[in-house]
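Student: Structure in structure tokens, see below.
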Amino acid sequence: MINININTNDSLITILQKAQDKYGYLSNDILADISKSTGIKPAKIMGVVTFYTQFRTKPVGKYHILICQGTACHVNNSAEIEKAVRDYLKIEEGEISTNGLFSFNSVACLGCCSLSPVMMINDKTYGNLTKDKAVKIFKEIETGEKI
């Protein structure tokens, strides 16, 4: 049984956010417990989870990277940033680095077009990126200098 305070007056999205904040992702067991606790059918819960990109059904690294692939980022070479992630961290999208620190996903838009190309690591935004700047950020995180 999950260990979060479920208030049935909360919206399903709020409940899912609380569970993901506590457990890092929404496993099938967690979703089943939410269904049981709220009386909401599992199919409806899964529909919400799969509709909103904020929800994860698989574990992620301690530092989860979101790489914007929106139009502004794309034309400002977001592909180079994604390549830097793949090459430096030696992971593919959806994977976790061997040290457990990093994972990444590409997203359609982060809403920071004036900072393009941009990525988020957990809740922090990094803009005006180059391949070298991205790698420097990863190195600083690994050595404890950032975040």
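Student: With charges only on Cβ, +1 for K and R and -1 for D and E, what is the dipole size of the chain about its Cα centre, in debye, rounded to 20? All intermediate terms of the calculation are to be shown ahead of the outcome.
Tutor: Details: 17 positive and 15 negative charges, 34 e Å.
Dipole size: approximately 160 debye.
Student: Right, here's the next one. As a check on your grasp of the helix formula, calculate [θ] at 222 nm for the chain: sum -39500 (n - 2.57) over DSSP H runs of n ≥ 4, divide by the residue count, round to the nearest 500.
Tutor: Details: 6 runs with 62 residues, N = 147.
That calculation yields -12500 deg cm²/dmol at 222 nm.
Student: Given H placed on each backbone N at 1.01 Å, which residues far from F104 in sequence or on other chains put an amide H within less than 5 Å of it?
Tutor: Distant-sequence amide H within range of F104: I65, G94, E95.
Student: Could you state the angle between the C-alpha long axis of helix 42-51 and the longest principal axis of the C-alpha atoms of the chain, as a value from 0 to 90 degrees rounded to the nearest 10?
Tutor: 20
Student: Which option, [x] 11, 37, 29, 19, 5; [y] 11, 43, 37, 8, 0; [z] 12, 45, 39, 4, is the value of P(r) over Cα pairs in 10 Å bins from 0, in percent that was calculated from these coordinates?
Tutor: Correct label is [x].
Student: Given +1 on the Cβ of Lys and Arg, -1 on the Cβ of Asp and Glu, and no further charges, what dipole in debye does the stretch 12-51 carry about its Cα centre, rounded to the nearest 20?
Tutor: Details: 5 positive and 3 negative charges, 26 e Å.
Dipole of the stretch 12-51, to the nearest 20 debye: 120 debye.
Student: Now a separate question. What residues of the stretch 50-87 lie in the reach of a label at T130, counting those whose backbone N is under 17 Å from a point 7 Å from the Cα along Cα→Cβ?
Tutor: It comes to 76-85, nothing else.
Student: Are there chymotrypsin sites (Phe, Trp or Tyr not before Pro) in the stretch 4-86 that DSSP puts in a loop and that have at most 11 other Cβ atoms within 10 Å, and which ones?
Tutor: Working: sites: Y23, Y25, F51, Y52, F55, Y63; in loops: Y25, Y52, F55.
Counting only loop positions with at most 11 other Cβ atoms within 10 Å, the chymotrypsin sites (Phe, Trp or Tyr not before Pro) in the stretch 4-86 are Y52.
Student: Working from Cα positions, state the angle (0 to 90°, nearest 10) between the long axis of helix 131-142 and the longest principal axis of the chain.
Tutor: That helix lies at roughly 60 degrees to the long axis.
Student: Right, something else. If you stretched the chain out fully between T98 and K58, how much longer would it get, using 0.36 nm times the residue separation minus the C-alpha to C-alpha distance?
Tutor: Working: separation 40, 0.36 × 40 = 14.40 nm, distance 1.59 nm.
Net length gain for the segment: 12.8 nm.
Student: If I fit a long axis through the Cα atoms of helix 78-89 and take the longest principal axis of the Cα atoms of the chain, what angle between them do I get, 0 to 90°, rounded to 10?
Tutor: 80
Student: Have a look at F138, I13, G127 and report the one farthest towards the positive end of the charge dipole of the chain, computed about the Cα centre with Cβ charges (Lys/Arg +1, Asp/Glu -1).
Tutor: My answer, from the dipole projection, is I13.
Student: What's the FRET efficiency of T71 with N105 using the Cβ-Cβ distance as r and R₀ = 22 Å, to the nearest 0.05?
Tutor: Numbers: r = 18 Å, r/R0 = 0.83.
Once the sixth-power term is evaluated, E becomes 0.75.
Student: Taking amide H atoms as placed 1.01 Å from N in the peptide plane, list the residues 5 or more away in sequence, or in a different chain, whose amide H sits under 5 Å from that of R56.
Tutor: It is L26, by chain and number.
Student: Taking GluC sites (Glu not before Pro) as exposed when DSSP calls them loop (any state but H, G, I, E, B) and at most 10 other Cβ atoms lie within 10 Å, what is the longest stretch of the chain free of them, the sites themselves excluded? Could you put the intermediate results ahead of the total?
Tutor: Working: sites that count: E92, E145.
No qualifying site falls inside 1-91, the longest such stretch.
Every number in this text was worked out from the coordinates using simple rules, so none of it is lab data. Just so we're clear, the structure is a prediction, and the values are computed from it rather than from any experiment. When we count neighbours, we look across all protein chains shown, and the Cβ atoms used for this are built from the backbone with ideal geometry, even at glycine.
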